[in-house]
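Trainee: First the structure, then my questions, so here it is.
The values are calculated or read from the model by the stated rules, or taken from the named source; none is laboratory data. Worth saying up front: this structure is predicted, and the values here are computed from it rather than measured. FYI the Cβ positions are ideal-geometry reconstructions off the backbone, even for glycines, and counts take in every protein chain you see.
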Amino acid sequence: MSASVLGELNGNAPDATAIAEAVRSGSLSAVDALTAARTLAQSPAGRAMNAFITEDWDRAARAAAAVDRRRTAGEELGPLAGVPFSVKDVITVAGLPITGASKAFADLVATTTAPAVQRLLDADAILIGKTNCPEFAFGVTCESPLLGRTGNPRFPANTPGGSSGGEAASLAAGISALGVGTDFGGSVRWPAQCVGITALRPGVGSVPGDGQIPGVGGNFGADGTVPEASPGMQGSFQTVGPMARSVRDLRTAFLIMSGAGSTPGVRERAYRIAWSDGAALGPVRAEVTALMERLAAALAAAGHAVGEQPDLFAGCLSPYNRLRAVDPMVDHAAAVKGREGGVTAANLRTIEASFAAAAADVELAWRAATSARAAARAQIAAVDIALVPVAGGPAGDADGRLDIDGRTAEGWEIMGHCRAVTLTGCPAVSLPVGLSAEGLPLSVQVVAGPGAELTALDFAAMVEMLDI
């Protein structure tokens, strides 16, 4: 089938690029673009989807009207003029609640805005609200004690994934044209596959990480300071990244969020590519292996140098899992102190358990992770692009269970392929390239070297045009 499955899944829903071009040209007003988004959000289907923790239509309407006035006055508009966007509720936006999807913080309002979000606002994008996620973004589905379960608007029997599931759902429903999520172990890549959109996990340090909660000392952005990214494992590896209905939107959003400005578009070139079906990282469906083989063959036929590497990133998963288990969650502990009654028992246990290991064991875990990252980066350095599946199969059922050829996978096991890539610290695009036997999206991770987000994005844009 055609790798343009991304476009097929998104149908007639315009992407952010198309909306911004129409607003700048005057063929569409920002107010009308916002009205279309609001109509979908407030429709019975939109309400039932349950994607938004907070909606901010009045402020959005004022911002959209201001964009239209500036256009009428002949002023130059930003690259995202009039584009409705939303933000996962573990990222601060001044004046809006910052709950982390937890009852413990249901009444907390942020007084600061994350730098990555502010850059989108400065580019004339229109913020419409904050979206649901698991409490503190701990989960592979999208169900929070504060809002409940978010549905998958395209595949109602399946989860929209986690933890950026609210963002994924809003985009798939045509409400948001751009989303801002976070990714630690796959939290933009996995939901993107579940609903059939695309997402970028930027490399560590490429997009400002400040503004994620909890920050250092448990800061939730309500004290006049932007939460500073924690020096612990989550703060060191979790990145803020865009989610969208097209690769070109990811490119524009990344350039804005990173502060890189504008660069030339996609370059035609031959790539050196290593690929794996991901079997070394966990169980995969036979159809996932077959899809990766077809993708590799299509790339080779297009003139690229393609080589199978079954052990690609194979040394990364165990060190990731070990470090995740023992790294003390100091900033989460500080955040929940005195608010324990509003936090789920499971997450309290997770936070408490992170302090059980001896300091020497934590140090050994960090050393193992650092060594595995170096080995994986050596694999990437030998090529331009590395390809592995997002997961061993498509979206799980509504409770997050995934059938892999008769074997049930659930919980963090599903995220193994994403977790391994996270440990490299490198950028990765999640791109749907096929459909499962059930008609659900199957996505590939397009991984490039440190600082090579544009290489990954250019490659992903080229893959969109391939026949697989």
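Trainee: Check region 383-396 and report whether any residue there is surrounded by fewer than 16 Cβ atoms within 10 Å (Cβ to Cβ) and of a type outside the set (Gly, Ala, Ser). Step through it out loud before you land on a result.
Mentor: If we filter region 383-396 for residues that are surrounded by fewer than 16 Cβ atoms within 10 Å (Cβ to Cβ), which is where we start, we get none.
There is no residue in region 383-396 that is surrounded by fewer than 16 Cβ atoms within 10 Å (Cβ to Cβ) and of a type outside the set (Gly, Ala, Ser).
Trainee: Criterion first (modelled with pLDDT of 95 or more, farther than 17 Å from Lys130 by Cβ and buried (at least 20 other Cβ atoms within 10 Å of the Cβ)) does Leu34 satisfy it? Talk me through it step by step, then tell me what you get.
Mentor: Working: modelled with pLDDT of 95 or more: yes; farther than 17 Å from Lys130 by Cβ: no; buried (at least 20 other Cβ atoms within 10 Å of the Cβ): yes.
No, not satisfied.
Trainee: If you check Ser187, Ser170, which single one turns out to be modelled with pLDDT of 95 or more and farther than 26 Å from Ser43 by Cα?
Mentor: Working: Ser170 fails: farther than 26 Å from Ser43 by Cα.
Exactly one of Ser187, Ser170 is modelled with pLDDT of 95 or more and farther than 26 Å from Ser43 by Cα, namely Ser187.
Trainee: On to the next question. I'd like to know if region 91-109 contains one or more residues that are part of a strand (DSSP E or B), touching a residue at least 24 places away in the same chain (Cβ under 8 Å), surrounded by 24 or more Cβ atoms within 10 Å (Cβ to Cβ) and touching a Phe, Trp or Tyr at 6+ places or on another chain (Cβ under 9 Å).
Mentor: So far as region 91-109 goes, no, none of its residues is part of a strand (DSSP E or B), touching a residue at least 24 places away in the same chain (Cβ under 8 Å), surrounded by 24 or more Cβ atoms within 10 Å (Cβ to Cβ) and touching a Phe, Trp or Tyr at 6+ places or on another chain (Cβ under 9 Å).
Trainee: Here's a check for you: in region 326-345, which residue that is among the acidic types (Asp, Glu) and surrounded by 19 or more Cβ atoms within 10 Å (Cβ to Cβ) is nearest to Gly218 (Cα to Cα)?
Mentor: Here the residue is Asp331.
Trainee: Contact list please: Cβ distance under 8 Å, first residue in region 402-414 and at positive phi and outside any strand (DSSP E or B), second residue loosely packed, with under 13 Cβ neighbours inside 10 Å and not aromatic (Phe, Trp, Tyr), pairs at least six apart or on different chains.
Mentor: These pairs meet every condition: Asp405/Ala286.
Trainee: Which fully enclosed helices (runs of 4 or more DSSP H) of region 148-267 have 3 or more residues being more than 13 Å from the chain's Cα centre (by Cα) and not charged (D, E, K, R)?
Mentor: 233-237, 247-258
A quick yes/no check of all residues on (1) surrounded by 24 or more Cβ atoms within 10 Å (Cβ to Cβ); (2) of a type outside the set (Asp, Glu); (3) over 16 Å from Ser176 (Cβ atoms); (4) at pLDDT 95 or above:
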| site | (1), (2), (3), (4) |
| --- | --- |
| Thr225 | no, yes, yes, yes |
| Glu228 | no, no, yes, yes |
| Val240 | yes, yes, no, yes |
| Met243 | yes, yes, no, yes |
| Leu250 | yes, yes, no, yes |
| Ala253 | yes, yes, no, yes |
| Met257 | yes, yes, no, yes |
| Ser262 | no, yes, yes, no |
| Val266 | no, yes, yes, no |
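Trainee: So if I check each of Gly425, Gly449, which one is under 17 Å from the mean Cα position of the chain (by Cα) and at pLDDT 95 or above?
Mentor: Working: Gly449 fails: under 17 Å from the mean Cα position of the chain (by Cα).
On inspection, the qualifying residue turns out to be Gly425.
Trainee: Suppose we filter region 285-325 for residues that are of a type in the set (A, V, I, L, M), crowded, with 21+ Cβ neighbours inside 10 Å and either within 30 Å of Phe105 (Cβ to Cβ) or in contact (Cβ under 8 Å) with a residue 60 or more places away in the chain (or both); how many remain?
Mentor: Residues flagged as of a type in the set (A, V, I, L, M), crowded, with 21+ Cβ neighbours inside 10 Å and either within 30 Å of Phe105 (Cβ to Cβ) or in contact (Cβ under 8 Å) with a residue 60 or more places away in the chain (or both) within region 285-325 amount to 9.
Trainee: Could you please find all residues in region 37-79 being assigned to a loop (DSSP other than H, G, I, E, B), within 25 Å of the chain's Cα centre (by Cα) and surrounded by fewer than 16 Cβ atoms within 10 Å (Cβ to Cβ)?
Mentor: Going through region 37-79, the residues assigned to a loop (DSSP other than H, G, I, E, B) turn out to be 42-43, 50-51, 56, 73-79.
Now drop any that are not within 25 Å of the chain's Cα centre (by Cα), which leaves 42, 50-51, 56, 78-79.
If the condition is that a residue be assigned to a loop (DSSP other than H, G, I, E, B), within 25 Å of the chain's Cα centre (by Cα) and surrounded by fewer than 16 Cβ atoms within 10 Å (Cβ to Cβ), then Gln42 is the only one that fits.
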